Amino acid sequence: MTQALEGMEESLDKSGIRETMGPLLDNLSWGRVLSTAVLIVVCVAVVKVLQRLFQRILERGTVEKSLHSFLRNSVNILLWTVTVLVVVSSLGVDVTSLIAVLSIAGLAVSLAIQESLANLAGGIQILTSKPFKVGDFVEADGTSGTVQEIGMVHTRLITVDNKMVCVPNRELAGAKIVNYTAQAVRRVDLVFSASYDDGTQQVIAAIEAVIQAHPLALQDPPAFVRLSAYGESCIEYTARVWCATGDYWTVYHDMLEQVRASFDRFGITMTYPHMNVHIVKEGDRQERGKL
């Protein structure tokens, strides 16, 4: 036990903690404790006021919403760090020595939380490069959803079935990101099939009639409707329609439903894979053999 105590004292001397905390223990009194308690209350009140003030600045300013959470967390860490230093300094502790001790401890902690620091660096990279912002619908590494929050460690996504997915920032920073809502307009690409018996211009006219009548389909850029492939049982036609990004799925499903109805009005057959089988009688086969 004696050896353990001596070893602890030696460690305190080497680390500088004894030298740093010595004035605090020597000058500790009820008066100092009371004044420190009052100082803590004042500091906490000031921190709360500054936090609310900073929040108002963010709400009224033009700062990207994606940065709000990161900036709030950074300011909170800074304010509470300054508060601790002010309180400790009021107790007579040498703040310079304390900062040196904390720096050594911080280095040890940073080595233990390398993965979290990598996530933090990834969050900073995302916020500076801005591949997406809060409210965008993105896809990265097989995960897709609406960005709810870009935090210091994780980015929160809300999937289409209302599940929350927390993706580490270091993975997002190095991933291929597809942002579906970054642009104001999107193109809807669809392929329709029609029978070989139907005229090409008649099929194109039936598809174009739906596009021109749809209130959400943009006429500029103009739509594209052309024959695109000859299949085994049908001819394929490609339709490309532009619309506002928020109207994408409405236009997509409306086109599928309304083009079918338009084909019925124009007398066009929507075919499916099939095989024609010709039955030859034995007499006809012998007759062909003679020929």
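Rule-based calculations on the coordinates, nothing more; no lab input. Since the structure is predicted, the reported quantities are computational estimates derived from the model, not experimental observations. Here Cβ is always computed from backbone atoms with ideal geometry, including for glycine, and neighbour counts include all displayed protein chains.
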Based on the Cβ-Cβ distance from Asn73 to Ser129, what FRET efficiency comes out when R0 is 22 Å, to the nearest 0.05? 0.70
Spelling out what I want: for every residue of the range 72-89, take phi, set θ = phi - 60°, compute 6.51 cos²θ - 1.76 cosθ + 1.60 (Karplus), and round to whole Hz; glycine and proline get x. 4, 5, 5, 5, 4, 4, 5, 5, 6, 5, 4, 4, 4, 5, 5, 5, 5, 5
Total charge of the residues flanking Asp141 in space, meaning their Cβ is under 10 Å from its Cβ, with Lys and Arg +1 and Asp and Glu -1, is -1
Per residue of the range 238-250, in order, report the coupling 6.51 cos²θ - 1.76 cosθ + 1.60 (Karplus, θ = phi - 60°) as ³J(HN,Hα) in whole Hz, putting x for Gly and Pro. 9, 10, 10, 10, 9, 7, 5, 4, x, 9, 4, 5, 5
In whole Hz and in residue order, list the ³J(HN,Hα) couplings for the range 184-199 that follow from phi through the Karplus curve 6.51 cos²θ - 1.76 cosθ + 1.60, θ = phi - 60°; x for Gly and Pro. 6, 10, 9, 9, 9, 9, 9, 10, 10, 10, 9, 6, 5, 7, 8, x
Return the long-range amide H neighbours of Val185 (sequence gap of 5 or more, or a different chain), with a cut-off of under 5 Å between placed amide H atoms. Thr245
Per its Cα gyration tensor (rounded if a/c is under 1.5, else prolate when a/b beats b/c, else oblate), the range 130-179 is best filed as rounded
Rough spin-label spacing in nm, given labels placed 7 Å along Cα→Cβ, for Trp80 and Asp161: 3.7
